[in-house]
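In what follows, a single structure is set out as structure tokens and then discussed.
The values are calculated or read from the model by the stated rules, or taken from the named source; none is laboratory data. Everything numeric in this text was worked out from a predicted model, so none of it was measured. Using ideal geometry, Cβ is built from the backbone for each residue, glycine included, and neighbour counts are taken over all protein chains shown.
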Amino acid sequence: MNKKMLTTMIIICLVVTLITGVTAETMLLGERELQIGARGEDVALMQELLNENDYREGHIDGIFGPLTYGSLIKFQDDHDLEVDGVVDGKTMVRMQELLQETVAKQEVTAMNASAQTLVATAEHKFTAAEIELFGRIVHAEAAGESFDGQVAVAATILNRVESDLYPNTISGVVYQVESGKYQYSPVLDGRINQAADASAKRAVQEALKGLDPTGGATGFYNPSKTSNAWVRSHPVTATIGSHVFFKY
């Protein structure tokens, strides 16, 4: 189990809590006593908790072995608990409390991210269809790039929307024709019709929240794929992955 799995387990618990009203404190770690030799998802969750709090280093395997036992002993000693290498009683309560804190922090982070995206979307007055198109153009132009590279492409789209030199809508920017040519090659070759993946959608959200690793660029190009003199004539603001970003 890794951090992603821990997060998934906690989110599942949150959903169940919302639906059933059962407290996350009861559900996160379970109620059975854990001691050396035990196996299961609850052991894996305990291991992850110990790893996250710097009591343990090692693979999360859901097996309560000597490494986990020694880590638990250190945890109990630091938290003024009975040092017996068993998860029950006050040790169980303390671990549940720490997991509750993790849940609360993740809830706040998720809510803040959603709120920021909604505010940004409302500020620009983008429709759901435009947000979907936004994701598709980022996916088409930046698939295979790093996440920062995808956010960078998304930021240039927004920068064009906000510039007086370009259309003031996502669709207007994406489908703009200048001197008889589309501004973005995926519109010409049909890649714009491919659905955005999760990474592209997340990159759009980050750009909407104001993240711009390009320093205000309004365009980009791949120097290995174009020799266009016009794009190369403008000041470069950043180079991220295979793209050079410029401002016009």
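Within the stretch 72-87, can one find any residue that is within 29 Å of Glu206 (Cβ to Cβ) and modelled with pLDDT of 80 or more? No, the stretch 72-87 contains no residue that is within 29 Å of Glu206 (Cβ to Cβ) and modelled with pLDDT of 80 or more. The residues of the stretch 166-222 that are farther than 15 Å from Tyr248 by Cβ and in contact with a strand residue (DSSP E or B) (Cβ under 8 Å, 6 or more places away or on another chain), listed by number, are Tyr175, Leu188, Pro213, Asn222.
Looking at Gly149, is it in the same structural domain as Arg202 (by TED's automatic domain parsing), in a helix (DSSP H, G or I) and exposed (fewer than 15 other Cβ atoms within 10 Å of the Cβ)? No, not satisfied.
Among the residues of the stretch 157-167, those identified as over 13 Å from Glu130 (Cβ atoms) and touching a Lys or Arg at 6+ places or on another chain (Cβ under 9 Å) are Asn159, Tyr166. Could you please find all residues in the stretch 62-113 being of a type in the set (Val, Ile, Thr) and in contact with a strand residue (DSSP E or B) (Cβ under 8 Å, 6 or more places away or on another chain)? Across the stretch 62-113, the qualifying residues are Ile63, Val86, Val87.
For the stretch 223-248, the candidate set comprises residues that are in a loop (DSSP other than H, G, I, E, B) and touching a His at 6+ places or on another chain (Cβ under 9 Å); within that set, the residue that is surrounded by the fewest Cβ atoms within 10 Å (Cβ to Cβ) is Pro223.
Out of curiosity, is Asp164 in a loop (DSSP other than H, G, I, E, B) and surrounded by 18 or more Cβ atoms within 10 Å (Cβ to Cβ)? Even if it seems obvious, please write down each step before you answer.
Values: in a loop (DSSP other than H, G, I, E, B): yes; surrounded by 18 or more Cβ atoms within 10 Å (Cβ to Cβ): no.
The answer is no for Asp164.
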